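What follows is one structure encoded as structure tokens, with my remarks underneath.
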Ligand SMILES: *Cc1c(COP(=O)(O)O)cnc(C)c1O
């Protein structure tokens, strides 16, 4: 009887609408390789995200891998990044033969701590890869200053920040480039998908090569590229979903407000703070912090018993992933380790019933 409640639920357009939109593919038989819908979605997203250039990709991870590759950093260079993120961010750096240098985060909004970056810079540092984690915007102004001063590139992992704005500008227009994920679990999805945004036409052109084996002409292979092209089915899913995303974000905001109003009176539980002056949010995630790891884990289990599947995003830190075999265990990440041990991301999506929100808060209140 109890339906399982997951941390998110994929947004899908009405079935008939999607079927109508994919019908033409049965005439053209053109299913991928920068087809009509790929081009159309690139244009629509450029407009929606208010960015100058946008290259669609097969997923968010390849967007990050390829934009890092496009920067041609010398092998073994150091990239300052946050460990409080999805593992993709760290993997993309290492898979480019670069060394991640983990910087601690701020307890306020969980993004990279700009005051701890400069002490990590060496003569091998080439870039910063910060993450707008949960859609919380990094201190862009400070990061810009640091990057200029030390001649570093900034590539934002904006996988959580679709449609967000900072100081009235599209979030993808900052730094040298940003990457977005359009995975099914994100605020906007193309089933699987992603994009790189940038102000540089040169970088856009390079990514066009890199996502298609480096092929520039029938007989010209200009780059050692990968295959990271978005298919026409995904592009059409994106075109359909784009029509509903504004309304979805509006409903998400209402759900978040309900959570906050119900949780704030409870002691020893703290919610996410929103900066409503400079930032337009997408309300993609609702993280809450508990007193300690034991409480967090207890609540996670209690919710599970009620068929409610909250997630310990982001625990463990990427720096502590098994595959790195304690290589980074001595790195000073005390804030990140503390937050990671106490945080829980609660279910949040447009169709999440208000009664379920109330039930979740009730279970939390009982536990604390
Ligand atoms: C989802 C996500 C990615 C990877 O995106 P995919 O589309 O799943 O490849 C990268 N970084 C962060 C922070 C993410 O949440």
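Per-structure values
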| item | result |
| --- | --- |
| Single match in 175, 214 (criterion: within 30 Å of residue 288 (Cα to Cα) and touching a strand residue (DSSP E or B) at 6+ places or on another chain (Cβ under 7 Å)) | 175 |
| Search result, residues across the range 106-123 that are within 13 Å of the ligand (Cβ to nearest atom) and not in a loop (DSSP other than H, G, I, E, B) | 112 |
| Residue list for the range 105-144, restricted to those being out of contact with any strand residue (DSSP E or B) (no Cβ under 8 Å at 6 or more places or on another chain), more than 21 Å from residue 50 (Cα to Cα) and surrounded by fewer than 19 Cβ atoms within 10 Å (Cβ to Cβ) | 107, 108, 115, 116, 118, 119, 123, 142 |
| Test: residue in the range 145-158 that is crowded, with 17+ Cβ neighbours inside 10 Å, in contact (Cβ under 8 Å) with a residue 60 or more places away in the chain and within 15 Å of the ligand (Cβ to nearest atom) | yes |
| Complete set of residues in the range 198-232 that are within 14 Å of the ligand (Cβ to nearest atom) and under 19 Å from residue 52 (Cβ atoms) | 211 |
| Residue 8, sole failed condition from (1) more than 18 Å from the chain's Cα centre (by Cα); (2) within 16 Å of the ligand (Cβ to nearest atom); (3) not in a helix (DSSP H, G or I) | (1) |
| One residue from 328, 313 being within 20 Å of residue 109 (Cβ to Cβ), touching a strand residue (DSSP E or B) at 6+ places or on another chain (Cβ under 9 Å) and not in a helix (DSSP H, G or I) | 313 |
| Residue 261 being more than 25 Å from residue 40 (Cβ to Cβ) and part of a helix (DSSP H, G or I) | yes |
| Subset of the range 88-105 (residues that are within 14 Å of the ligand (Cβ to nearest atom) and in a strand (DSSP E or B)) | 100, 105 |
| Which numbered condition residue 97 fails, given (1) free of Cβ contacts under 8 Å to residues at least 24 places away in the same chain; (2) within 25 Å of residue 201 (Cα to Cα) | (2) |
| Complete set of residues in the range 161-186 that are touching a helix residue (DSSP H, G or I) at 6+ places or on another chain (Cβ under 7 Å), crowded, with 23+ Cβ neighbours inside 10 Å and under 24 Å from residue 8 (Cα atoms) | 161, 163, 164, 172, 178, 179, 180, 181, 182 |
| When residues of the range 124-141 are limited to those that are closer than 23 Å to residue 65 by Cβ and in a loop (DSSP other than H, G, I, E, B), the one nearest to the ligand (Cβ to nearest atom) | 132 |
| Counted residues, the range 42-87 - those being assigned to a helix (DSSP H, G or I), more than 19 Å from residue 203 (Cα to Cα) and either free of Cβ contacts under 8 Å to residues at least 24 places away in the same chain or within 16 Å of the ligand (Cβ to nearest atom) (or both) | 1 |
| Search result, residues across the range 209-238 that are assigned to a helix (DSSP H, G or I) and crowded, with 19+ Cβ neighbours inside 10 Å | 209, 210, 232, 234, 235, 236, 237, 238 |
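For every residue, the table says whether it meets (1) surrounded by fewer than 20 Cβ atoms within 10 Å (Cβ to Cβ); (2) under 21 Å from residue 120 (Cα atoms).
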| residue | (1), (2) |
| --- | --- |
| 312 | yes, no |
| 317 | no, yes |
| 324 | yes, yes |
| 327 | yes, yes |
| 330 | yes, yes |
| 336 | no, yes |
| 344 | no, no |
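Readers should treat all values here as calculations from the given coordinates under stated rules, not as data from a laboratory. This is a predicted model, so every value here is computed, not measured. So basically every Cβ, Gly included, is an ideal-geometry build from the backbone, and we count neighbours across all protein chains shown.
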